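Since the structure comes first, as structure tokens, the remarks are kept for the end.
Here, each number is a calculation from the coordinates, and none is a lab measurement. Predicted model, so just to flag it, every value in this text is computed and none were measured. With ideal geometry, Cβ positions are generated from the backbone for all residues, glycine too; neighbour counts draw on all protein chains shown.
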Amino acid sequence: MDSLNGIHAFVHAAQRGSYVAAAEHLGLSASAVGKSVARLEDRLGVRLLNRSTRRISLTEEGALYLERCLRIVNELDEAEAEVTR
């Protein structure tokens with residue numbers, strides 16, 4: 001389950017370009033989003049995001065991972081919508 005939370009945090013942070021914006025969307029603190037992404041990177045053994053004081057950007061590996069994660073998240077959203085109908 002922690003892996004799925006990390007994926008959600010990563011996707012939202014990558015799409016929004018900041019931990020703060022991702023945190024607002026997810027209802028978490030920016031620190032929690034950053035830690036979740038860091039745990040995901042540690043587990044994968046690769047850096048997904050480049051960080052600066054104001055923005056984050058995708059690494060090459062992060063861009064590849066984001067593409068796959070978006071498909072997975074969309075599938076989960078569709079499955080939830082189907083089940084709740």
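At a glance:
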| read-out | value |
| --- | --- |
| Distance in nm between pseudo-label sites at Val83 and Glu61 (7 Å out along the Cβ direction from Cα) | 3.1 |
| Residues Ala21 and Arg68, FRET efficiency given R0 of 25 Å [Cβ-Cβ distance, rounded to 0.05] | 0.70 |
| Rounded tilt (10° steps) of 60-84 against the dominant C-alpha axis of the chain | 30 |
| Acute angle (nearest 10 degrees) that the helix 2-16 long axis makes with the longest principal axis of the chain, alpha-carbon atoms | 70 |
| Percentage relative contact order, the chain, counting C-alpha pairs under 8 Å, at least six apart | 26 |
| Amide H within-cut-off set for Leu49, under 5 Å, with H built and near neighbours excluded | Thr59 |
| The chain - Kirkwood radius from inverse mean 1/r over Cα pairs (Å) | 13.0 |
